Ligand code: R5P
């Protein structure tokens, strides 16, 4: 029976008390199998954090600005990313096969931006994820969306298949136009994704109580970038996310739509891995880009 009152009253997240790691650096992953841990260790550095570069937007919206030529715009950024998030079509067609970058491969899809986006299906066989040398697969979950239940089933199907071959699943909270990105909604979506088996969750940042979203989610929370923001605002969001306990960023447009994407991804790394504050990261962007501000 639904307990909406209990949901509204959930407040004791003990945000000041870190989750025990039980001897493994990735949150909630200490009891997983060896192969799964190896793959998670490629994505999450020894500090338990990651900078993922997301460029899978074409799977539902075609050639987005900055992604017109992935071979020219994205491939050169690889050395600064801890993991690359894209589609199998782009990895196979546009990336060199001799690199060892961890790949997080899009595994759901179906509708284009012209249709109802929650109408997705599983769009990748786990055997092909293995052939691609995937370190993880990613699936969209539309909590509160028209096809909520099917999107959950897409995820649990991939989790079950992934458990068989040691490939972790990144559950992505897809927030529909009519839903509010507040801590209650994001807390609901991230917790559902983790409880139903995903080994990591991608979600949006929210100003209020984001630390409660993170504390209430037993696996790593990775923050999506969203639409391009001014440099200081994007780095501020990255900083606040990390301060709230997020395990990293999975940014796309805020990196590849910049005048200097390479400077931006390095500034984000500074925040995630090197403890830079916002002013230091903004200065790093300015220096590395040769004085650019956008
Ligand atoms: C959409 O759901 C895709 O997973 C994108 O990869 C994701 O939104 C991250 O890209 P951006 O930082 O541009 O929002």
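Which of rounded, prolate, oblate describes region 34-223, given a ≥ b ≥ c as roots of the alpha-carbon gyration tensor eigenvalues and a/c under 1.5 marking rounded, otherwise prolate only if a/b is larger than b/c? In terms of gyration-tensor shape, rounded. Extension gain for the segment residue 114 to residue 146, taken as residue separation times 0.36 nm less the Cα-Cα distance, is 10.0 nm to one decimal. The distance between label points at residue 294 and residue 196 comes to 4.1 nm (points 7 Å beyond Cα on the Cα→Cβ vector). Shown for 90, 74, 222: other C-beta atoms within 10 Å of each C-beta, ranked fewest to most, produce the order 90, 74, 222. Among 190, 15, 87, sorting on how many other beta-carbon atoms sit within 10 Å of each Cβ, with the fewest leading, yields 15, 87, 190.
Measuring between their Cα centroids, region 219-234 and region 153-180 lie 20 Å from each other.
Can you compute the FRET efficiency between residue 259 and residue 98 using 1/(1 + (r/R0)^6), with r the Cβ-Cβ distance and R0 = 35 Å? Round to the nearest 0.05.
Here the calculated transfer efficiency is 0.75.
Residues of region 78-119 with amide nitrogen under 16 Å from the 7 Å Cα-to-Cβ point of residue 69? Under cut-off, by backbone N: 94-96.
Percent antiparallel among DSSP beta bridges with both residues in the chain, to the nearest 5? It would help to have the intermediate numbers written out before the result.
Details: 2 of 29 bridges.
Around 5 percent antiparallel, to the nearest 5.
Taking other Cβ atoms within 10 Å as a rough exposure proxy, 31, 273 sort from fewest to most as 31, 273. The distance from the alpha carbon centre of region 242-286 to that of region 63-90 is 17 Å, rounded to a whole number.
A crude spin-label estimate for the pair residue 16 and residue 181, with each label 7 Å from Cα along the Cβ direction, gives 3.0 nm.
Taken together, the values in this text are just the output of simple stated rules run on the coordinates, not laboratory data. Keep in mind that this is a model prediction, so the values were computed, not measured. Note that each Cβ is placed from the backbone with ideal geometry, even for glycine, and that neighbours are counted across all protein chains shown.
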